[in-house]
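Inspection log for the structure reproduced underneath, given as structure tokens.
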Amino acid sequence: MSRVDENRKSVRFSSQTDGKLGRTKRDLIVQMIDYFYKSKKDPADLNDELLKKELSNGVGRILAFIRKQESDLLAPMFRLSDEVSNLLKLDVTLTNKILENQSKLGAISNEHKNKLIDQTKLLEQLVIGLSSKQQLKKEFRKILAHYISNR
């Protein structure tokens, strides 16, 4: 007489399904039964409204999280990037004005330099003229003194 174990029932799977399990058939069945018992889900009900509702709530929570991140992080970052962009445009404008004014200042500086060079040359000519005038006076005094002494 063979003894029958009340805790054993047979379940058969194809060899492909058996390879996918990754656990014993008995463990799989026990885990499935525990899952359905704890979640109060009927495996025969393919249109499980509770599962649909949970999935819908999950999607809603994810969308709320994304909206919150958008308002807390993305919107301020976009505002700041717009401000930085405007500041860069202003900086480029100011830099161009500075370069333009530096160019004008360089031209004015060159004009003053040329005028100073011209004035320096004129002063040198005056100094040369004055020294030659002094020389002429000395020579004239010598001639006059010589004329007076000979007379």
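The values are calculated or read from the model by the stated rules, or taken from the named source; none is laboratory data. Computed from a prediction, not measured in an experiment: that's the story for all the values here. As a convention, Cβ positions derive from the backbone with ideal geometry for all residues, glycine included, and neighbour counts pool all protein chains shown.
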Out of all the residues in the stretch 95-112, is one or more within 24 Å of the chain's Cα centre (by Cα) and surrounded by 10 or more Cβ atoms within 10 Å (Cβ to Cβ)? yes
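Is at least one residue of the stretch 144-151 exposed (fewer than 10 other Cβ atoms within 10 Å of the Cβ) and outside any helix (DSSP H, G or I)? It would help to see each step written out before you state the result.
The initial filter retains those residues of the stretch 144-151 that are exposed (fewer than 10 other Cβ atoms within 10 Å of the Cβ), namely 147-151.
Right, trim to outside any helix (DSSP H, G or I) and you get 151.
Yes.
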Contact list, first residue from the stretch 18-42 and not assigned by TED's automatic domain parsing to the domain that holds E54, second anywhere and acidic (D, E) and in a loop (DSSP other than H, G, I, E, B), beta-carbon distance below 6 Å, six or more apart or interchain, is K41/D48
From (1) outside any helix (DSSP H, G or I); (2) modelled with pLDDT of 90 or more, pick out the condition that doesn't hold for D45. (2)
